[in-house]
Structures are given as C-alpha cells and as structure tokens.
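Rule-based calculations on the coordinates, nothing more; no lab input. A quick note: this is a predicted structure, and the numbers were derived from the prediction, not measured. Cβ coordinates were reconstructed from backbone atoms using ideal geometry, including for glycine residues, and neighbour counts include every protein chain displayed.
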Amino acid sequence: HNDEGEAVVFSVPSFACQRRITLDNHNTIITGALSLLAENAELSEEDGRGVAFRRAAAVLKALPEPVTCMTQLRGLPCLGEHSLRVIKDILENGESNEVESMKQSERYKALKVLTGVFGVGAKTADRWIREGIHTLHQLRDSGHALNRAQQAGVEHYDDLNQPVSMAEADAVGEIVEKAVVSVLPGAQITLTGGFRRGKPSGHDVDFLITHPEEGREEGLMSKVVSWLESQGFLLYHKTSRNSYLESANGPARPASNMDRFERCFSIFKLAKKYHELGKDAGPEETKPAGHKPWRAVRVDLVVSPISQFAFALLGWTGSKLFERELRRWAGQEKAMSLSSHALFDNKQKRYLTATSEEEIFGHLGLEFIPPSERNA
Ligand code: CTP
Ligand code: MN
Ligand code: MN
Ligand code: MN
C-alpha cells in the first residue's frame, strides 16, 4: 500500500522470460488454483487453455506482494476473463468453487492416478477412463497389456510419486559422475532442470553431459548406460534420439547436427542412507515386507556436443513455461528460432553461436535471468 493507503497497482512485462521469478511466491493460493486448472486442461489435451492458465499463474508469481483487490491487476498481461474470475473468487471467498469441484471430480482424480504411472500420458489415461478404469487396482484387473515403461511405472508407483529430495539428487549425481568419468575421462556433467533452478525437490533429476572436445561425446550415452546397468543402478532405461525439435511447439528450423543429441529416460535404484532406513532395517530384526533398502528415482540424461552445450543447458534448465516464452520471444520479437540445439536468425539467414547462456540472452536482446529466477 502507498502513503494514501491505496493498494499498489502492479506492473509486469509481457513475456515470462523478461521477468525474474524466484521460488518466493507471495500468491500461492491463486497460483496453485491456476496451475491446477492448467494441469487439468493439459490432462484433457487442451494445450491452448493449459498455456493460458500457466501464463496467468506466471504473472501472479512475479508480483512482489500478495494481491488484495482486483483493481491492483489492472493492465497486467496474460490475465484472461477465466483467470480473472478465478482470482476474484479466491479474493472474495478464499477459494475457487470451480477449482474445488474439479479436484473432487471422479475424472480429475482418475486422470491424476493413471497419469501418475510413468509411461502413461493423457491420451492413454483418457481411453482407460472411458472404459471405466479409474484406479490402479482396476487397471491391474482389466488385463490391459502394459508396455515396458508402464510396467515399471506400476511396479515403482509409490516411489516415483514421492518427491525427490536435494540430497537424493546429489547422490544420483555422484553415481552419474562416476559412470561418466569411468567411460570417458574428461567428460563433464551438469545438473539441470528444477534442481538447477534451486527447487528443494523435484519429480526427477536431470543431467546434461558433454566433453570439452567436440565429437568426443559421440557414443557416450550407450557406454554410460552400460556402465550403470553393469553396476546394478538401473531399474529401467530407454535411450532415444532427441525428437524435441519435431514436437508441435518446437522451432521450424532444426539445427544441422541435431541427430547427434541423445537422451535417456531412466529409473535409478538408489540406496537409502542409513538414517532413512528406520528401525526395520537393523540386522537382528526381521524386515517386514515392503521395507526395502533402496528406492526408485526418475533420472533424465542428455548428451550434447560442446558446440551446442549452452543451448542445451538453457533448454534443459526450464521451467517449461520459461522455455516456451523464450521461444515465443525469439520468434515474435526477434524473428529468430531458438531450440535446445541452436539459435537461427531468420533475417540474417544464419545461426548465431554461443558458448554461454549469457551470450544467448544477449543475442535475444534480453537481460540475463539466472536459473534461480526462471521459476515461471
Ligand atoms: N525438456 C525438454 N524436452 C522434454 C522434456 C523436458 O526439453 N521432452 C526440458 C524442459 O524444457 C524442462 C527441463 O527439460 O525445462 C526439465 O524438465 P522436467 O524434468 O520435466 O521439469 P523440471 O523443471 O525439472 O521439474 P521437476 O522438478 O518436476 O522435474
Ligand atoms: Mn519477496
Ligand atoms: Mn526435472
Ligand atoms: Mn526431466
């Protein structure tokens, strides 16, 4: 509030990649509600609506203090009629009826349970729900054939739906580091994703691997995976070429050497630390069923040649909305195409190279935003 006791009117730039959004969120009730609406839209394959709610949430996340009345929001970008209605409800009643009834709906609950299985997306979940499958029990009884990923997803359901802590991310990092230097001395690993942005927990752990000499990284992924497998660290893994550029929201122009980008979606078998084991783990006690000395953790590995490292690092640090907004900024404001591989200038008809994230922000005419402020 200002000296006259009037509520402050906020000002926020249009693109999320122009804002500094830390984890210090002063409007968690509103952003939580908008994020749930976004999630529900995405689970219903209404991606346009999903992005609209994500953008609205990212505006509220950027505010320096809690919103107290609607007039403060005048002139803010990305707040559509629907989002404003939800915010008004929360300011007046402490919660949104729409969001509360959505959370209670059978469809939302079933979508959450089924897409909580690793390897199950919105399409598959929707098909199962239309067959009357709403729970894991019903899924098991249905006799549906599950693919390898989904089998692992069901088997490790509880572990994979428990957030990964920073300590666990560090433990995974030590294992990946050991694997990488064993198969290629001099190779480097970097923590990316939510943990690089300073999040205290995540749904997985993300790593980017490279080697300072261009080309030396070729064939690295399969060696790393073989090493991890031989040491018994992998419960599941699927290595694939990066098809990110071909996805619907990717830039039009692919990088020349994109086919060298490899990634691996995996599930690690991570030993629990002594203090996490509890009394059941003592040698003189009989261990009850269900108490195991390890837990399953989702891990994503990506290998990038050093020439693309800065782009890969920027692209895999997130948040997903921040990345989407960077690409939208590049296209709409700069006539450039940004991907996790490269930046193409459509006017100059050439690629702009970069060896650091700072350089990429510079090419894009944006102020540098550090990872801890990319939590859009
Ligand atoms: N990413 C990507 N292509 C994919 C999946 C992810 O480029 N097919 C990038 C996204 O841009 C994202 C980053 O990898 O920013 C990390 O994705 P993810 O692990 O899903 O999200 P986090 O931000 O790490 O959040 P969480 O803590 O839930 O893992
Ligand atoms: Mn603050
Ligand atoms: Mn992640
Ligand atoms: Mn990930």
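Couple of notes before you dig in:
- Residues of the range 178-217 that are in a loop (DSSP other than H, G, I, E, B), in contact with a strand residue (DSSP E or B) (Cβ under 8 Å, 6 or more places away or on another chain) and within 16 Å of ligand 3 (Cβ to nearest atom): Thr192, Arg197, Pro200, His203, Asp204.
- Pairs with Cβ under 9 Å, 6+ apart, first in the range 329-353 and free of Cβ contacts under 8 Å to residues at least 24 places away in the same chain and farther than 19 Å from Gln308 by Cβ, second part of a strand (DSSP E or B) and charged (D, E, K, R): Ala335/Asp345
- Test: residue in the range 310-318 that is free of Cβ contacts under 8 Å to residues at least 24 places away in the same chain and more than 16 Å from ligand 2 (Cβ to nearest atom): no
- Which numbered condition Leu36 fails, given (1) loosely packed, with under 15 Cβ neighbours inside 10 Å; (2) within 16 Å of ligand 1 (Cβ to nearest atom): (1)
- Gln138 being within 30 Å of Gly219 (Cα to Cα) and more than 16 Å from ligand 4 (Cβ to nearest atom): no
- Taking the range 120-171 as the region of interest, the helices (runs of 4 or more DSSP H) fully inside it that hold 1 or more residues being in contact with a His (Cβ under 9 Å, 6 or more places away or on another chain) and more than 25 Å from Gly194 (Cα to Cα) are 122-130.
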